[in-house]
1. Give me D for the range 113-198 in µm² s⁻¹, whole number, from Stokes-Einstein with Rh from the Kirkwood sum over alpha-carbon pairs, 4 °C and 1.567 mPa s.
2. How fast does the chain diffuse by Stokes-Einstein, in µm²/s, taking the Kirkwood radius from C-alpha pairs at 37 °C and 0.692 mPa s?
3. Of all beta bridges DSSP finds with both residues in the range 103-200, what is the antiparallel percent, to the nearest 5?
4. What ranking of 129, 213, 202 emerges when the number of other C-beta atoms within 10 Å of each C-beta is taken as an exposure proxy, fewest first?
5. Restricting to Cα pairs below 8 Å that are 6+ residues apart, what does the relative contact order work out to for the chain? Please round to a whole percent.
6. Would you kindly state how much longer the chain becomes between residue 222 and residue 106 on full extension, computed as 0.36 nm times their sequence separation minus their alpha carbon distance, in nm to one decimal?
7. To the nearest 0.05, what FRET efficiency results for residue 183 and residue 208 with a Förster distance of 41 Å applied to their C-beta separation?
8. Counting DSSP beta bridges with both partners in the chain, what percentage is antiparallel, nearest 5?
Ligand code: VGL
Ligand code: ZN
């Protein structure tokens, strides 16, 4: 029998309302994910953490004269300049407080090298260094992987595309309503790329095992036989 895993991408304070790189309504995914974790039939639950040093090369603080969301350069490659976010050991880098963290079996950090960004939980943006997550999931015998989190158009998308490429034979599913994106246009483009890669797009409710229906109509009582 195959094994099913859930992978949560960057469900961290800085990507929720009030955070440094807030995804609109990002925190709305937390109850959806909690339900998936408690009612879903997962053999393994993994989560990634965007985990940057305080002088990470994607941060606006490291690019004097640049504005956030402009394109700059990092190690000779084009790089979107982000607000400083998810600095190791800060409140912004912690999981959202309402997330049922005790259900998480395995944590994968990423973005720890200040000279390269890492949107995907599987490898850095230069695509030359793996994080180790794909090997881990393979060693665990995972045959189906559901992915969701923040942000759909950045880290969730790149994690999905890498999963499809690095885990051949594993069924990959994007849980759309357990994810939120930074920009609506970019989310629509991302969904097209996700579909084109052969990844299924599903809603959380479709992925929960069917509950046995309560017996509201028990067998009618035996009719008393009269006569004879
Ligand atoms: C992310 C931008 C920079 C994300 C991380 O988790 O989607 N986006 N770092
Ligand atoms: Zn980041």
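Readers should treat all values here as calculations from the given coordinates under stated rules, not as data from a laboratory. Please read all numbers here as calculations on a predicted model, not as lab measurements. Heads up, the Cβs are rebuilt from the backbone with ideal geometry, glycines too, and the neighbour counts pull from every protein chain shown.
1. Details: Rh = 13.2 Å.
Result for D is 98 µm²/s.
2. Values: Rh = 18.7 Å.
The calculation lands on 175 µm²/s.
3. On the way: 1 of 8 bridges.
Bridges in the range 103-200 that DSSP calls antiparallel: roughly 10 percent.
4. On the way: 129 12, 213 7, 202 16.
Listing 129, 213, 202 from fewest to most nearby Cβ atoms yields 213, 129, 202.
5. Values: 449 pairs, mean separation 52.7, N = 228.
It comes to 23 percent, rounded to a whole number.
6. Working: separation 116, 0.36 × 116 = 41.76 nm, distance 5.44 nm.
Extra length from residue 222 to residue 106 when fully extended: 36.3 nm.
7. Values: r = 29 Å, r/R0 = 0.71.
It comes to 0.90.
8. Values: 6 of 34 bridges.
Roughly 20 percent of the DSSP beta bridges within the chain come out antiparallel.
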